[in-house]
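Asker: The structure's right below; bear with me while I get my questions together.
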Amino acid sequence: METNANLFDRDYFIFVTMETASCVKHVIMAANQYKNSKTDGNLVYLQRQLEILVGSLSSRTSTLKFFNLRNLLPVECLNAVIDILRESRDLKPGLLSKCISLFQHLAQDSEIREAFHDSFHLTQCLATVIKTHAGIPGDHLTVEILNVLQRITYGHKINFQDSYVEDLLHFVLKNITNPITEFTLPCLGLLVNLCRDNFATQSYIKNMEGSRNLYKTLMSYLDDQNLTMMIFTLSCISYLCLHQDIGQHVFNPKNVKRTFQLMFNIVLKGDTGTTRQYAVDLFSDLLKNQNIQQSLVEFEKLSSSIEKVLNLVATSTAESVVKIFELLLSLSAIEGIRPIICRCILSTCSVQQRDHYAELAQTPVSQIKEPLFAVVHWASQPAESHDQASLYAIDFLAEFYEEMIYSNTRIQYSAHADLVLPLTLQALSTRIEGESHIMKRISRKIIKALQLSIVLTGEEDIKRKLVGMVDMQMFSKLLDFQFSNNKVALNSSKFTLVTDDLSDIGVEIVMYGLDLMAKLAKNLPEVDALFSSSLQDSRIVPFLSAGLTSDNRTVVQVTLQIICFASMFDAFPTVLLGDALTASNCKKKEELMKRETIQSPVQYHMPVLHSYENKENINHDASRISIQDATRLSDQDASVQSLIDRMQSGFELKGANSSEIIDLYEHKIQSLQTKEEQLQDLLEAKSLALTQADRLIAQHRSRKAAYEAEAAKMRRLLHSSEINSEKCKEEINEIKLKKEHLQNSLESVMEEKSQLEQVAEEHQQLTAAYTELSEKYTSVDKSLLSLKQEHKTLSEMHEVLRKHDENLKEQCDSASEQLSKLEAERKTLNKTLKEKESKLSELTKTHTKLQKDFKTSESEREQLEEAVDKYRANMAQLEQTKKQFQHQVSSLELLCRQHETNIDNKDKELVALKGEVDKHRQIAALINSLSSGKSENGAQQ
């Protein structure tokens, strides 16, 4: 059944794909026709084809898979539609509406949204359309364009130097400061996207003349009941004026708790996915501030709010649960909040049987109540269907178990090993195959599973369970696949740098896999042998080189640990590793020189904001800043401070370029602030490393106490076992006495058994005689019943024949009456048929006359050109009458045919009735003859 269902799904998907492909081809053809000739017919045809395509997209969500940007057909279609929007100045509103509805449906996919912004430059195109076709408030088409722009620009940093950004900002700010209309909400969302992590846009808005009016308007929007407008307003206030008076008023110690409660309510009660999405983003951005972190730790309702957020994991969709995991991971990064999250999870989690854990992946997530089980459910989903959800779920599990393992409070974390270990092993055993984006998703999940497994090996009980479940073939398959398919290994002779994403991911798989093998090598000899042979293999050299030159700090540190292990072997290719590192450094130097020649001499590099994937790097060594860098930064800070003092003491900037100079210094100040934040982050990383060391010491102490407790427990068990052995001896003596008693009772039972056997033989003889008598009785009874049944059937047949004779007489009389009636109906039908034929002949005559008149009118039209209009009217009337007559003739012919068929049916019925009458007469004669013969015989007797 499952195979048939899979085949049906595959056939259905192929059918839908073919149908969508045909729609896309028609759209491309219609767009090309319209670009070549902008006629009304081509416009209507293009609108119709776009409407058909949008209808197919809205009816089947699976058709979005066809719009894979690696296919040429959808790319050509989107290029054609966007070219029409870009080139046409006199764009029709109907065509624009159809194009926007197409973009709305396609923007539901994240990859297509990124391509709209990066590859197709749809943001610039729509901004130009808004500038040229922006309507008055209430224009529904402009609202749809703004909604599409909001979706496309989400998560992207817009370059302020682009020509369209300033005009777009003016339009957005104008509609925000105006009274509330339909434009207000999408303009607020678009302003949030433009301001997030964009210092140039923020400074431009701050330096505008109407900035104070904008701030007042934003403060007035905080009292709105719409949750989406509230979160948009809070985001704009935090991005534009967090360090100003308005921002301090909203996020001061008195109001920050109310703000936290409001943001948690928005996350919990967000009516749309967009509301929750922006709320989580604002949470993540605000938690970068230390003061806000401290206020959140002191928040009274934090634990109850976290419990409600954890309950959302089981009731959210795949897209929404990603944002929930992002919020939980951001909260876990704050010191003091991760233990609260663990306690909230464990308070609602119960230990179950292993079979129950195995059924979690098949159970719908809506039927799971425990947050931990819901997290495991999302983590066990395949990477092809749930890309980000499964990765974030595994990250959250790693945070959860890391806190439980390295904390002082030892809770029953090993009891859930049966829940998590099959998940990690299943992810590690997944084959890396399919298209490039699917292989990328699977590889990322393998990396996350390796990181989770490394965390789980920090506890001995879970490590022993993992050793009992792990298979050496899993590690060998992972390494062999990377050795034979990764570009790093294939291009090792040329010492090329790692530029492909799959190559980078493959390097991480190899490094983390070797790290896990190193932790399991002491307990598994087979893994130890594979680990040793892999380190002495020359194919590992390119991966080690790529790991050392990686921009991921964790990968570099893991690589260094592996090299320390490998240096103990004599066969380790140290020379090849040095050559590979030298070649990679030369390659990097050449690339930097090329970039310096291409780029302009003056550039400002914004700091790189790392995603959560590198968050765990904070837990490692952070001492990479040299003393020279620190002194240089302090000198720069001093020079900037002196410049500020000079400006405050009366130094005035004059000239036409004063605003540019101010922007330049503001940018420089911001860059120095970001460098200071980086230094602060590194100091925090050091403190986190120290706390981790304290955790390890506390773990060692707790383990020592646990071992001493186990030794005392073993002593108690030994003493109790001696007492139990004495009790067992007494029980054995009692059992021997019971055995003798049972032997005596067994002998008496055997005597009774022999007597019962004799009784059983007599019983069998009696039962045989009884069966013979019963068989004879049943046979006689059956014969008696059969005779009674024959007598009854004969009497019933006699009664039936008598009734049948009476019925035949009645049917004969009724048939004669029906025959007379049918004869009268046939005569009337013949009369009506003759009348219709006469009418038909008259109509044919009139038809021929009309044809002659038509011919004469045509000849007159050729001779008389002046009266063309009159004759045309006459011709139209004559054609109408002709059609009417033809219609009447066809209807009469149809009636005639119907009457003829009815007459034929009636004749057939008459013949059949006559035959039945003859049969009835014969039967009656036979009955009379039989009755007369019986009467004669009776008289003779």
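Asker: With point charges of +1 on the Cβ of Lys and Arg and -1 on the Cβ of Asp and Glu, referenced to the Cα centre of segment 756-882, which listed residue (Ala815, His798, Ala769) lies farthest in the positive direction of the dipole?
Answerer: Ala815
Asker: What is the distance in Å between the Cα centres of segment 244-300 and segment 524-575?
Answerer: Value for the Cα centre distance between the two parts: 45 Å.
Asker: Rounded, prolate or oblate: which one fits segment 763-850, using the alpha carbon gyration tensor with axes a ≥ b ≥ c (rounded when a/c is under 1.5, else prolate when a/b beats b/c, else oblate)?
Answerer: Cα axes put segment 763-850 in the oblate bin.
Asker: Moving on to the next point. Give the residue list of GluC sites (Glu not before Pro) in segment 789-871 that are DSSP loop and have at most 14 other beta-carbon atoms within 10 angstrom.
Answerer: The qualifying sites are Glu865, Glu866.
Asker: Now, a different point. Rg and Dmax in Å for segment 166-288, alpha carbons only: what are they?
Answerer: Values for segment 166-288 (Cα only, Rg and Dmax): 13.5, 39 Å.
Asker: Something else about it: Based on a Kirkwood Rh over C-alpha pairs, give the Stokes-Einstein translational diffusion coefficient of segment 748-787 at 10 °C and viscosity 1.306 mPa s in µm²/s.
Answerer: 127
Asker: What accessible surface, in Å², does a 1.4 Å probe find on Ser748, ignoring ligands, DNA and RNA and rounding to the nearest 10?
Answerer: Estimated to the nearest 10 Å², Ser748 gives 50 Å².
Asker: So, in Å, what gap is there between the alpha-carbon centers of segment 17-52 and segment 878-918?
Answerer: Taking the Cα centre of segment 878-918 as reference, the centre of segment 17-52 is 51 Å away.
Asker: Enumerate the calculated ³J(HN,Hα) couplings along segment 532-541 in order (Karplus 6.51 cos²θ - 1.76 cosθ + 1.60, θ = phi - 60°), each rounded to whole Hz, writing x wherever the residue is Gly or Pro.
Answerer: For segment 532-541, the Karplus curve yields 5, 5, 5, 5, 8, 7, 5, 6, 7, 4 Hz.
Asker: Let me ask something additional. How much accessible area per residue does segment 515-590 have, counting only protein heavy atoms and a probe of 1.4 Å, in square angstrom?
Answerer: 49
Asker: Where only protein heavy atoms count, and the probe is 1.4 Å, what is the accessible area per residue for segment 825-881 in Å²?
Answerer: Heavy-atom accessible area per residue stands at 83 Å².
Asker: Further question: I need the semi-axes of the equivalent ellipsoid of segment 67-144: take the C-alpha gyration tensor, multiply each eigenvalue by 5, square-root it, list largest first in whole angstrom.
Answerer: Square roots of five times the eigenvalues give 22, 13, 11 Å.
Asker: Hey, another quick one. Out of the total accessible area of segment 155-276 (probe 1.4 Å, heavy atoms of protein only), what percent is carbon and sulfur?
Answerer: For segment 155-276, the apolar C and S fraction of the accessible surface comes to 49 percent.
Asker: Once you put a point 7 Å from the Cα of Leu843 and another 7 Å from the Cα of Asn928, both along the Cβ direction, what distance in nm separates them?
Answerer: So the two model labels end up 5.3 nm from each other.
Asker: Further question on the same structure: Report, to the nearest whole %, how much of the accessible area of segment 80-139 belongs to carbon and sulfur atoms, 1.4 Å probe, protein only.
Answerer: Result for segment 80-139: 45 percent of the exposed heavy-atom area is carbon or sulfur.
Asker: Run the numbers for Leu894 and Gln261: contour at 0.36 nm per residue of separation, minus the present Cα-Cα distance, in nm.
Answerer: Value of the extension gain: 219.8 nm.
Asker: Between Glu752 and Glu460, 0.36 nm times their residue separation minus their Cα-Cα distance comes to what?
Answerer: Stretched fully, the Glu752-Glu460 segment lengthens by 98.8 nm.
Asker: Continuing with the same structure: Once Lys and Arg get +1 and Asp and Glu get -1 on their Cβ, which of Gln108, Ile130, Ser119 lies farthest toward the positive end of the dipole of segment 89-131?
Answerer: Farthest towards the positive end: Ile130.
Asker: When the Karplus curve 6.51 cos²θ - 1.76 cosθ + 1.60 is applied with θ = phi - 60°, which whole-Hz ³J(HN,Hα) does each residue of segment 417-426 get, with x for Gly and Pro?
Answerer: Per residue, the Karplus-derived 3J(HN,Hα) values read 5, 5, 7, 9, 4, x, 5, 5, 5, 5 Hz.
Asker: When only the heavy atoms of the protein chains count and the probe is 1.4 Å, how do His243, His117, His798, His26 rank by accessible area, highest first?
Answerer: Solvent-accessible surface, decreasing: His243, His798, His26, His117.
Asker: Mind pulling up the Rg/Rh value for segment 712-814? Radius of gyration and Kirkwood radius, both on Cα.
Answerer: For segment 712-814, the value is 1.73.
Asker: Project the alpha carbons of segment 790-941 onto their principal axes and report the range along each, largest first, in whole Å.
Answerer: Projected onto the principal axes, the Cα atoms of segment 790-941 cover 112, 30, 15 Å.
Asker: Beyond a 18 Å Cα-Cα separation, which of these cross-linked pairs lie in this structure: Lys216/Lys269; Lys269/Lys323; Lys254/Lys301; Lys849/Lys870?
Answerer: In this structure, Lys216/Lys269; Lys849/Lys870 lie more than 18 Å apart at Cα.
Asker: Under a 1.4 Å probe, what is the accessible area of segment 146-230 per residue, stated in Å²?
Answerer: The answer is 45 Å² per residue.
Asker: Between Glu87 and Glu860, what is the spin-label point distance in nm, taking each point 7 Å from the Cα along the Cα→C-beta axis?
Answerer: Modelled inter-label distance: 5.6 nm.
The values are calculated or read from the model by the stated rules, or taken from the named source; none is laboratory data. Since this is a predicted model, take the numbers as computed values, not measurements. No Cβ is skipped: glycine too gets one built from the backbone with ideal geometry, and neighbour counts run over all protein chains shown. Quick note on the areas: whole protein, heavy atoms, side chains included, nothing else; ligands and nucleic acids left out. Shrake-Rupley method; radii C 1.70, N 1.55, O 1.52, S 1.80 Å.
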